[in-house]
Each structure stands twice: as C-alpha cells, then as structure tokens.
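Here the structure is laid out as structure tokens; the discussion comes afterwards.
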Amino acid sequence: MSTIRTILGDVDAGELGFTDSHAHLIMDRDLIVKQHPEFRLDSIEKVSHEVASFMQAGGRAVVEMSPIGCGRNVEAMVEVAQHTGLRVIACTGLHRDEYYLDSHWRWFYSPEQMAQLFIEEIEQGMDANSYNGPFVKRTTARAGVIKVASEYQFISRAERNVMLAAALAHQQTGAPISSHTEQGTMGIEQADFLIAQGVDPAHIIIGHMDRNPDYHVHRELAERGVYLCYDTPSRVKYFPECTFIDLVRKMVEGGYSSQLLWGSDLARRNYLVAYGGGPGMAYFPGPFRNRMRLEGLAEEVIEGLFANNPARAFAFAS
C-alpha cells in the first residue's frame, strides 16, 4: 500500500483525489512577505473560503510548497485542513537563496545537519518556528515532501548543499523531493544531481517546467524518469493556456503522460477570489478541466494529470 503523508496523518495514495501539486495556502511571515507584500496570505478565514470553493468544484488535496523560513505557518495550515477537510501535504526543505537573510542557518549548516532537520520534520513533526529558534515548537503535523530550488540558469553552492541534504533526508525517510526551477531552467541539472546522489527518479518532481515550454527539454527530463510539474494555466503573463494544452498534448504523444503533474502556484493575493482577485482555486477543477476536455484531451490524461499521477508522485518510497 502506497502512503502519502498529510498534515493530519498518513493516507492511502488511492484516497488523494484531484490534487493541486504546487499550492500556497498560508504565507504570513519571514523575509519573503517583506520583499513581496502581495505574497502575504494571512487569513485563515479567507483561505478556508477559497478551499471550500475548490472542493465544491471537485478538488480534494493540495501540496503546500511554502518551506522552512519562507512564509510557512504550520499551525494555520492545520486549522485550514481541520475546518475544510482538505488533504494538505506540507513541505520541509528550503527555497532559493534570495529569500533568506545572510544570518540564516542555511548558510552555515552542513548538508548532514540540514538533512537531520528535514528528517525530524518528516518523522516527528514540523517546527512551528521553522528552526528560527531559540526553541523548537514541534507540532504533530509531519511534512510529506522536501523542497529544493535553484536560480535562473545556475544552481548556487548553497542550493547544491540543500539538494544534497534533501537527498540524504529522502534516503532515510522515503519522502519525495519537489523542486522550484526559476523560469523552467536547470531542471535537467537538478534531476541529474539528485539522481547522482542515489535518489530514485520516480520520487523527484521538477517544478515550474512549463515556464520554459521547450518540448526538447521536457522530453529530456521525462526520459530520466522524473515527474514534471506544470503551473502556468490561468496566468497569461507567462503564456496563453493554449501553450500549456499544446505542451501536454506533445508529452502525451511522446508517451510521457504518466509523468505530468499540475499545480496552481497561486501565491499572490490578486490570484485568489477570497482576497478580491482571480481566477481562484476553483477555476482548475471546474472551468479549466472542462477546457481540457473541449480541447480533445482524453479523460484518462486529465485524470492522470490531476489525480492518478500525484497519487504516485507524492507517495513515500517503501
């Protein structure tokens, strides 16, 4: 039986349902919301309304990708999950260098030390204080995925150390690893680095890849056996949705449909209806899923992208 770790407990992978594989529900602290005030998602009431609309449209689960020290509020996420019944997979790990002050421990801890912190969050419970100290406030909510990240066109030394820590934590816990790529660059390099550290590609998810909708690059990644997570639909500042549809169609024709995931990445207030913006979380299980049908994508492809594939991708290695 494959197991997925949510913040309210482990569930069988077959119970996951329609899944947003890269979401942000709560971000209410840390440097990131000082740098980007539009990222401040700080209302449990508002996000609960947003989640309710998502679930009414058919949504069942999200992967909350706000990591340690980058906006994450574990206790608020637990409240949202308890109020709404949403299955929330939360992450440990770290984001890109720019989101951390130069005094943060990420710059000084060894990969082995960071790995131990990640392991504790996966096996014991996430720290409500994100290891910002001086005390650890261990919650009962355990992380179900490890986040890593890289820069536009390069991976910094510090980010390589985080990736090595993630590989070490994966090897001990079996937790999947999900990445941030900047504008869809360095995905192949991320995958190759993690695979070289002994991570099974079936437990690697490379994120934001459709921001670089180059089929050659996507095919190269898929040939390595990893998952690719797409998230541009609804945000035409990147590309019109037809670009996403065409890319999915090419990947299906290439035989890679079982390796595709979808995430909303609605990390700004003006993306969410509850904050007065749009399109909101309900857009994807509702109108956008219908558009994929109208575009002629097979139901099994749509079901794979939104449900079956994430059920495999976020399952722990046995």
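The values are calculated or read from the model by the stated rules, or taken from the named source; none is laboratory data. The model shown is predicted, which means the values in this text are computed figures rather than measured ones. Note that each Cβ is placed from the backbone with ideal geometry, even for glycine, and that neighbours are counted across all protein chains shown.
General remarks:
- A single entry from 241, 223 fulfils the requirement of being among the acidic types (Asp, Glu), under 30 Å from residue 296 (Cα atoms) and in contact with a helix residue (DSSP H, G or I) (Cβ under 9 Å, 6 or more places away or on another chain): 241.
- Residues satisfying the stated conditions in the range 173-189, i.e. without any contact (Cβ under 8 Å) to a residue 60 or more places away in the chain, farther than 24 Å from residue 2 by Cβ and either under 16 Å from the mean Cα position of the chain (by Cα) or not in a loop (DSSP other than H, G, I, E, B) (or both): 181, 183, 184, 187, 188, 189
- Filtering the range 107-124 for residues that are in contact (Cβ under 8 Å) with a residue 24 or more places away in the chain and at positive phi leaves an empty set.
- When the test is whether a residue is at positive phi, surrounded by fewer than 22 Cβ atoms within 10 Å (Cβ to Cβ) and of a type in the set (Ser, Thr, Tyr), residue 257 does not pass it.
- Residue within the range 209-225 that is of a type in the set (A, V, I, L, M) and touching a residue at least 40 places away in the same chain (Cβ under 8 Å) present: no
- Candidates 158, 128, 141, filtered to the one that is touching an Asp or Glu at 6+ places or on another chain (Cβ under 6 Å) and closer than 30 Å to residue 82 by Cβ: 128
- In the condition set (1) surrounded by fewer than 22 Cβ atoms within 10 Å (Cβ to Cβ); (2) of a type outside the set (Gly, Ala, Ser); (3) in contact with a strand residue (DSSP E or B) (Cβ under 8 Å, 6 or more places away or on another chain), residue 4 is compliant with all but (1).
- Residues within the range 34-47 that are touching a strand residue (DSSP E or B) at 6+ places or on another chain (Cβ under 6 Å) and in a helix (DSSP H, G or I), tallied: 1
- Looking only at residues in the range 260-282 that are without any contact (Cβ under 8 Å) to a residue 60 or more places away in the chain and surrounded by 14 or more Cβ atoms within 10 Å (Cβ to Cβ), the one that is farthest from residue 17 (Cα to Cα) is 277.
- Among residues of the range 203-234, those that are surrounded by fewer than 18 Cβ atoms within 10 Å (Cβ to Cβ) and at pLDDT below 95, counted: 0
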